[in-house]
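The values are calculated or read from the model by the stated rules, or taken from the named source; none is laboratory data. Remember, predicted model here, so these are calculated numbers, not experimental data. Note that each Cβ is placed from the backbone with ideal geometry, even for glycine, and that neighbours are counted across all protein chains shown.
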Amino acid sequence: MITGSFKDRSVFITGHTGFKGSWLTIWLHRLGATVSGYSLPPPTTPSNFEASFVRKLLLRHYDGDIRDCVQLHAAMRACSPDVVFHLAAQPLVRQSYRDPLHTLGVNVMGTASLLEAVRELRHPCVVVVITSDKCYENNGPGEPHEESDPLGGHDPYSASKAAAEIIAASYRQSFFPPDDLARHGVKLATVRAGNVIGGGDWAADRIVPDMVRALSSNTAVAVRNPSSVRPWQHVLEPLCGYLLLASRMLASDDPRWLSGWNFGPPARAEVAVREVVDLFCQRWGSVRWQDMSSVDAPYEDHMLRLSTQKAAKELGWQSRWNLGKAIERTCRWYQSFYAQPERSTYELCAEDIADYETSVSKKNGRSAHPPLHAHAR
Ligand SMILES: NC(=O)c1ccc[n+]([C@@H]2O[C@H](COP(=O)([O-])OP(=O)(O)OC[C@H]3O[C@@H](n4cnc5c(N)ncnc54)[C@H](O)[C@@H]3O)[C@@H](O)[C@H]2O)c1
């Protein structure tokens with residue numbers, strides 16, 4: 001179903017030079033889509049975008065700021081997209097404390113700018129806006145968040161993602177109402193996922209990149225919040241959810257797709273940072289770590305849980321890789337990268353995607369999940 005949906009489709013991705021965006025570009029290219037990207041340069045060195053030569057997969061590559069409405073509109077017009085995935089953002093909580101105005105500008109006005117560009121297109125398309133599990137008003141160790149829960153945000157990053165949700169809902173109601181699709185043709189949904197891990201992430205202040213950096217410089221890993229519980233998942237899990245949702249939106253005008261969706265891991269993958277560090281160390285071998293918790297550290301939510309009942313029931317989506325598998329594939333990716341840093345990592349991503357698709361097919365007999373078939377071009 002996904003293959004049929006994206007083959008020869010024009011897909012426009014913002015944030016394609018980033019961690020998740022580069023993986024999404026590779027997957028969509030393998031599914032036969034014609035992908036164009038609009039972003040600032042890769043936020044880190046190294047990056048999956050550079051290491052996997054993602055630029056070669058693109059029809060068009062725009063180096064631009066998401067807040068630059070003129071350039072964004074022109075790029076989108078040139079690509080005439082069937083599908084838009086909006087991932088461009090300042091994605092780090094700690095950075096949002098250091099520079100709240102920048103985070104709010106990129107994440108809030110950037111989302112508005114993207115939606116305005118879609119409005120000016122006057123062309124039918126599917127739009128998936130990527131926000132975060134942090135968009136919810138945190139209920140501490142309460143029930144997992146459902147999509148209808150109140151939005152909130154203690155830190156500026158979380159607030160920016162809640163605001164992006166509100167803006168998307170406002171554009172849907174004001175300009176792209178689901179009951180008037182025949183007139184405007186724009187199908188808009190938002191997606192919320194938790195912490196993702198996988199090869200090719202070198203962001204600051206994230207535990208897996210921190211471990212990988214420590215390993216490559218043979219130093220101990222500084223772990224800021226060892227007891228914080230997070231919903232961990234491999235990057236391919238939410239990306240699969242985004243693709244499934246977009247494929248459903250392409251296939252039918254059913255208004256139920258045009259809403260917010262959680263794509264989180266099962267409860268058993270909600271474990272403390274300490275456990276993830278231990279599992280990673282076991283798999284890799286030689287990483288030492290130190291508890292660097294500090295009472296002076298800026299506030300970060302300690303417990304975030306997502307209910308994925310809606311995605312399971314409506315889309316047939318479910319998590320395919322347990323935490324052990326996600327860590328195993330992630331370690332494998334980075335170890336291969338550091339063994340031969342000059343070699344392209346495209347094949348590592350492609351192998352992970354193919355392995356993930358196999359996991360989906362194997363479990364298909366037991367679920368309503370539509371099949372994923374990849375083909376390399
Ligand atoms: N990685 C996670 O664990 C996680 C969890 C939940 C939500 N998210 C969301 O997923 C999306 C992608 O996250 P990521 O981890 O890949 O981040 P990333 O930092 O690796 O990538 C961010 C991308 O946005 C681009 N960008 C940043 N500022 C921009 C600007 N002003 N104009 C144009 N492009 C700009 C960067 O160039 C890059 O391509 C973000 O919206 C993030 O908030 C990520």
Pairing a residue in the stretch 51-73 that is at positive phi with any residue that is surrounded by fewer than 20 Cβ atoms within 10 Å (Cβ to Cβ) and not aliphatic (A, V, I, L, M), where Cβ atoms lie under 7 Å and the two sit 6 or more apart in sequence or on different chains, gives PHE53/SER344; PHE53/TYR346
Does MET109 count as at pLDDT 95 or above, under 27 Å from PRO177 (Cβ atoms) and out of contact with any helix residue (DSSP H, G or I) (no Cβ under 8 Å at 6 or more places or on another chain)?
-> yes
Search the stretch 314-340 for residues that are on the phi > 0 side of the Ramachandran plot and pair each with any residue that is buried (at least 16 other Cβ atoms within 10 Å of the Cβ) when their beta-carbon atoms are under 9 Å apart and the residues are at least 6 apart or on different chains.
-> GLY316/LEU244; GLY316/HIS369; GLY316/PRO370
Of (1) within 15 Å of the ligand (Cβ to nearest atom); (2) more than 18 Å from the chain's Cα centre (by Cα); (3) surrounded by fewer than 23 Cβ atoms within 10 Å (Cβ to Cβ), VAL93 satisfies every one except (2)
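Scanning the stretch 1-17 for residues that are in a loop (DSSP other than H, G, I, E, B) and in contact with a strand residue (DSSP E or B) (Cβ under 7 Å, 6 or more places away or on another chain), which turns out surrounded by the fewest Cβ atoms within 10 Å (Cβ to Cβ)? Give the derivation first.
The first filter runs over the stretch 1-17 and keeps only residues in a loop (DSSP other than H, G, I, E, B), leaving 1, 7-9, 15-17.
The next check asks that each one be in contact with a strand residue (DSSP E or B) (Cβ under 7 Å, 6 or more places away or on another chain); those that pass are 8-9, 15-17.
Values: ASP8: 8, ARG9: 20, GLY15: 25, HIS16: 31, THR17: 27.
Only one residue fits best here, namely ASP8.
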Report yes if some residue within the stretch 135-158 is in contact with an Asp or Glu (Cβ under 8 Å, 6 or more places away or on another chain) and under 20 Å from GLY15 (Cα atoms); otherwise report no.
-> yes
Taking the options ALA182, ALA168, ALA159, ALA163, name whichever one is part of a helix (DSSP H, G or I), of a type in the set (A, V, I, L, M) and either surrounded by 22 or more Cβ atoms within 10 Å (Cβ to Cβ) or at positive phi (or both).
-> ALA168
Looking only at the stretch 38-51, which residues are within 19 Å of VAL11 (Cα to Cα) and either part of a helix (DSSP H, G or I) or more than 8 Å from the ligand (Cβ to nearest atom) (or both)?
-> PHE49
